Amino acid sequence: MGLSKTIWTNPTEFLRNQQPENPVLFFSPPVVQATARRFLEGFPGLVTYAVKSNPGEEVVENLVAAGVNGFDCASPFEIDLIRRLAPDAAIHYNNPVRSRVEIEHAVKRKVMSYSVDSASELAKLIEMVPSAGVEISVRFKLPVAGAAYNFGAKFGATEDVAVELLRTVAAAGYIASITFHPGTQCTDPNAWGSYIREAAVIAHNAGVRIARLNVGGGFPNHRALGVLPQLEAIFATIDRVTTESFGEARPALVCEPGRGLCGDAFAVAAKVKALRDGAHVFLNDGIYGSLLEFSQIGIIDRIDVLDPQGQRRSGALQGHIVFGPTCDSVDRLPGDVPLPVDIEEGDYVVFQGMGAYSTVTNSRFNGFGELGRCTALSLKL
């Protein structure tokens, strides 16, 4: 379902007037543009958007309007999306494993930047991608620190392998760079510092002066009450440690936030289907719908409950067992969810900070998962 043409003042106005039966995703263009400007003004290098986190056309269009002109794509679908919506934007194909058909597609679409973390995948790139003006970034990994989960469990070369890959990239005539990913929802600036120092060691041991250092994604969005993302502290750490580690050989910097750019521009409202004997709350959205990430990196506790007239429930908070709508016992939000004791059937539970990985992982299992989509000037209730 596409965005409704009506622009609402906030989610409360929509819920009070429309009384939706299905869950609703609210998008705020002013929020995503303000977040983009925060990155563009604060990060000391090129800001690119990780399309996988939310490939909605409205997101891409608003990021472009705010000044973002680079995109990290992980598939031919995402490459085609960006070439259609932002034809002149830089595309970084930073999924380190690709089929030959996918590589061929990227070459035809004039993709000029790739990442790699293995000799076998690098050999395919050398075979198929002309070297003139093309960047290949070697992706390495460290033990996870300060992140919600470990991206290095799937991608990233060890230091010794990264050194050999970087030498091979340079010898083959490509623009040699390095990239890493500190892990999703990373709140510790020092995680970036550790990776940057290791990148300098890899470049030194390889005897290669790298053109760019891509410090990955991992930038957090606002998921916990009272814990605001310290983006400026992260930017400052990246800037300082890059100069300290590389000195005169300091590379240009690139970042590729996904949730950090889009996460706070969306909210989800789920309706209370039932209160089972006062013990269990059943919602019309859940783990098989737009709330999948809760089972992976923990629940967002920026939650409000509104009655059907749009009034906020004000009862004392109490832990509740909360289930989604499907006929599957796995469809449960983690832990005990703090909800007002006066919550009732027909109320709306509004989760803030829901822009990342909420639409792309919706499975439609059991026939549930139809998600309304609305534009709101503000997400404040």
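We did not get these values from a lab; they are worked out from the coordinates using the rules stated. Here the structure is a predicted model, which means the values were calculated and not measured. Reconstructed Cβ throughout: ideal geometry from the backbone, glycine too, with neighbour counts over all protein chains shown.
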- Task: Please compute P(r) over all alpha-carbon pairs of the range 149-239, binned at 10 Å starting from zero, and give each bin as a whole-number percent.
- Result: 16, 43, 28, 10, 2, 0
- Note on the structure: To the nearest 20 debye, the range 29-262 has a Cα-centred charge dipole, built from +1 on Lys and Arg Cβ and -1 on Asp and Glu Cβ, of 140
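Just flag the trypsin sites (Lys or Arg not before Pro) in the range 279-326 sitting in loop per DSSP whose Cβ has no more than 14 other Cβ atoms within 10 Å.
none
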- Task: Would you work out which of 366, 133, 123 lies farthest towards the positive end of the dipole of the chain, given +1 charges on the beta-carbon of Lys and Arg and -1 on that of Asp and Glu, about the Cα centre?
- Result: 133
- Message: List the aspartates and glutamates whose Cα sits under 14 Å from the Cα of residue 141, skipping any in the same chain fewer than 8 residues away.
- Response: 117, 159, 160, 198
- Item | Lys, Arg +1 and Asp, Glu -1 on Cβ, resulting dipole of the range 215-352 about Cα centre, debye, nearest 20 | 60
- Message: If packing is taken as the average number of other Cβ atoms within 10 Å across a peptide's residues, how do 24-34, 97-107 rank, most packed first?
- Response: 24-34, 97-107
- residue 327-residue 18 FRET efficiency (beta carbon distance; Förster radius 25 Å; 0.05 resolution): 0.35
- Item | Ranked list, fewest to most other Cβ atoms within 10 Å of each Cβ, for 178, 126 | 126, 178
- Listed by chain and number, the residues whose amide H is under 5 Å from that of residue 287, excluding neighbours fewer than 5 places away on the same chain and using placed H, are 324, 332
- Note on the structure: Charge dipole of the chain built from unit charges on the beta carbon (Lys, Arg +1; Asp, Glu -1), centred at mean Cα; most positive-end Cα among 286, 353, 205 is 205
- Query: If we sort 131-139, 45-53 on the protection proxy, mean other Cβ atoms within 10 Å, highest first, what's the order?
  - Reply: 45-53, 131-139
- Backbone N under 15 Å from the residue 167 label point (7 Å along Cα→Cβ), restricted to the range 94-138: 119
- Item | Residue order, fewest to most surrounding Cβ atoms within 10 angstrom, among 339, 225 | 225, 339
- Message: Which residue, 27, 49, 93, has the largest displacement toward the positive end of the dipole of the chain when charges sit on each Cβ (Lys, Arg +1; Asp, Glu -1)?
- Response: 93
- Phi-derived 3J(HN,Hα) across the range 243-260 with the Karplus relation (6.51, -1.76, 1.60, θ = phi - 60°), rounded Hz, x for Gly and Pro, is 5, 4, 7, 9, x, 5, 8, 4, x, 5, 9, 9, 10, 9, x, x, 4, x
- Note on the structure: Here the FRET efficiency for residue 160 versus residue 370, based on Cβ atoms and R0 = 41 Å and rounded to 0.05, is 0.25
- Please state, as a whole number in µm²/s, the translational diffusion coefficient that the Stokes-Einstein equation yields for the chain at 25 °C and 0.890 mPa s, with Rh defined as the Kirkwood radius across alpha carbon pairs. 113
- Message: Whole-Hz ³J(HN,Hα) for each residue in the range 40-56, computed from phi via Karplus 6.51 cos²θ - 1.76 cosθ + 1.60 with θ = phi - 60°, x for glycine and proline: what do you get?
- Response: 4, 7, x, 7, x, x, 7, 9, 10, 9, 7, 4, 4, 5, 6, x, x
- Share antiparallel - DSSP beta bridges, the range 29-262, percent rounded to 5: 5
- Query: Which pairs, out of 108/154; 5/108; 5/110; 5/52, put more than 30 Å between their alpha-carbon atoms?
  - Reply: 5/108; 5/110
